[in-house]
Amino acid sequence: MTTKEPAMNEGVKKGDKMICIQDFIRDHEILFEKGKTYSSEIDYTITDKHGNAQYGWNADVFERYFQKIA
């Protein structure tokens, strides 16, 4: 029996807005800051503070860092 990776959060659609509920840090830099609002410019992704829309999220990781608000 094989274990599947958690599915990407298919609930994130272009135009959605999320509030960050915990700082997300990559390579010693905060890319998503707690308390700030971020949007999705491409389905299944969230655009970071630099305007990069390359972050797809597994559902469990998404729920740890974001709460959908719109």
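The table that follows gives values for the structure above.
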| quantity | calculated |
| --- | --- |
| FRET efficiency estimate (nearest 0.05) - Cβ-Cβ, I19 to H50, R0 22 angstrom | 0.75 |
| For K34, net neighbour charge (Lys/Arg +1, Asp/Glu -1) across residues whose Cβ lies under 14 Å away | 0 |
| Linear extension gain, K68 paired with E33, 0.36 nm per residue minus alpha-carbon span | 11.1 nm |
| Inter-probe distance in nm under a simple model that places probes 7 Å from Cα toward Cβ, at A59 and D43 | 1.7 nm |
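Rule-based calculations on the coordinates, nothing more; no lab input. Computed from a prediction, not measured in an experiment: that's the story for all the values here. Note that each Cβ is placed from the backbone with ideal geometry, even for glycine, and that neighbours are counted across all protein chains shown.
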